[in-house]
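Comments concern the structure below.
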Amino acid sequence: MDHVEAEGDTIDEAIANALKILGVERDLATIDILSEGRKGVLGIGARKARVRALLRSGAGDDEETARERAAAPSATPEEVAEAAERGRQVLAEILRLMGLEAAVAIKRGDFPEEVILAIEGDYGGLLIDRGGQALEALQYLVTRIVSGARGRTGVQIEIDAEGYRERRRKGLEDMALRLGEKAKRQRKTVTVDPLSVADRRVVEAALEDDPWLTTKSIGSGAYRRLLIIPEGDRKKKDGPKPPAGRQPPKEEK
């Protein structure tokens with residue numbers, strides 16, 4: 001699917017709905033306004049705003065392309081350090097312009113190319129609202145500025161405040177285990193709402209040791225849905241028998 005049409009009460013809402021369907025961010029799609037919509041009088045004659053969103057070239061890469069990119073050489077330690085310092089400076093300046101004189105510390109991530117910019121001080125709580133949307137917006141902005149200044153560095157920047165990242169990880173792990181059990185119990189694939197690359201890694205890691213489950217990303221763009229697939233029946237037929245004590249759960253009546 002390389003284009004969609006969507007409606008909303010406003011043009012901005014229609015655009016947001018179209019991007020959600022495509023699973024991409026705003027800079028990866030071209031927007032055509034089909035109708036600006038109108039409120040009408042007492043609800044009479046009201047009309048929704050309608051837009052068409054078209055994926056830009058390269059935005060709809062399939063999973064094979066994603067795997068090829070993942071296999072490409074990662075950033076060097078020098079590039080990671082340079083991007084981290086540049087990101088720290090950019091984030092500190094954005095916070096200053098917001099009136100928040102908070103310090104920013106650089107921390108190591110879970111992967112060599114991952115950098116965590118931790119906001120330290122009494123202001124972090126102001127940024128952790130509505131599911132961390134403010135932090136995600138800051139993360140997107142800082143990443144765009146850093147990568148735009150130095151080109152595609154392969155460095156993944158994450159922003160944290162008051163331990164939100166670790167709490168988010170724990171919540172994702174709990175969700176993954178809960179949905180994994182649901183998939184096995186019902187013997188049906190469970191679809192997870194769109195997640196970022198980092199969040200998908202957490203969910204996949206939480207389930208990777210379960211021999212009765214596999215995961216698969218679907219969609220395009222940075223935010224993709226994740227499928228949790230029960231594989232017990234297929235493995236029992238086509239593969240070696242599971243060891244004692246690891247039988248797949250029986251379906252509830």
(message) If I go through the stretch 96-110 residue by residue, how many of them are crowded, with 16+ Cβ neighbours inside 10 Å and modelled with pLDDT under 90?
(response) 3
(message) Looking for something under 14 Å from the mean Cα position of the chain (by Cα) and surrounded by fewer than 19 Cβ atoms within 10 Å (Cβ to Cβ) - is there at least one such residue anywhere in the stretch 207-215?
(response) no
(request) Tell me, yes or no, whether the stretch 162-178 has at least one residue that is open to solvent by less than 50 Å² (accessible area, probe 1.4 Å), among the charged types (D, E, K, R) and within 26 Å of Gly99 (Cα to Cα). (result) yes
(request) Would you check if Lys39 is of a type in the set (Lys, Arg) and at pLDDT 70 or above? (result) no
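Yes or no, residue by residue, for (1) touching a Pro at 6+ places or on another chain (Cβ under 6 Å); (2) at pLDDT 80 or above; (3) open to solvent by 60 Å² or more (accessible area, probe 1.4 Å):
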site	(1), (2), (3)
Ala59	no, no, no
Ala75	no, no, no
Tyr123	no, no, yes
Asp129	no, no, yes
Val142	no, yes, no
(request) Identify, by number, the condition in (1) on the phi > 0 side of the Ramachandran plot; (2) open to solvent by less than 60 Å² (accessible area, probe 1.4 Å) that Ser196 doesn't meet. (result) (1)
(message) Criterion first (among the small types (Gly, Ala, Ser), closer than 30 Å to Gly154 by Cβ and more than 15 Å from the chain's Cα centre (by Cα)) does Ala198 satisfy it?
(response) no
(request) For the stretch 82-90, indicate whether the set of residues that are modelled with pLDDT under 85 and not small (Gly, Ala, Ser) is non-empty. (result) no
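Within the stretch 210-232, identify whether any single residue is over 30 Å from Glu158 (Cα atoms), modelled with pLDDT under 85 and in a helix (DSSP H, G or I), and answer yes or no.
Restricting attention to the stretch 210-232, the residues satisfying the condition of being over 30 Å from Glu158 (Cα atoms) are 211-212, 230-232.
Restricting the remaining residues to those that are modelled with pLDDT under 85 gives 231-232.
Remaining after also requiring in a helix (DSSP H, G or I): 232.
There is at least one residue in the stretch 210-232 that is over 30 Å from Glu158 (Cα atoms), modelled with pLDDT under 85 and in a helix (DSSP H, G or I).
The values are calculated or read from the model by the stated rules, or taken from the named source; none is laboratory data. Note that this is a predicted model, so its numbers are computed, not measured. Because the Cβ atoms are built from the backbone with ideal geometry, glycine has one as well, and the counts that use them run over all protein chains shown. These area figures cover heavy atoms from the full protein model, side chains too; ligands, DNA and RNA do not enter into them. Shrake-Rupley method; radii C 1.70, N 1.55, O 1.52, S 1.80 Å.
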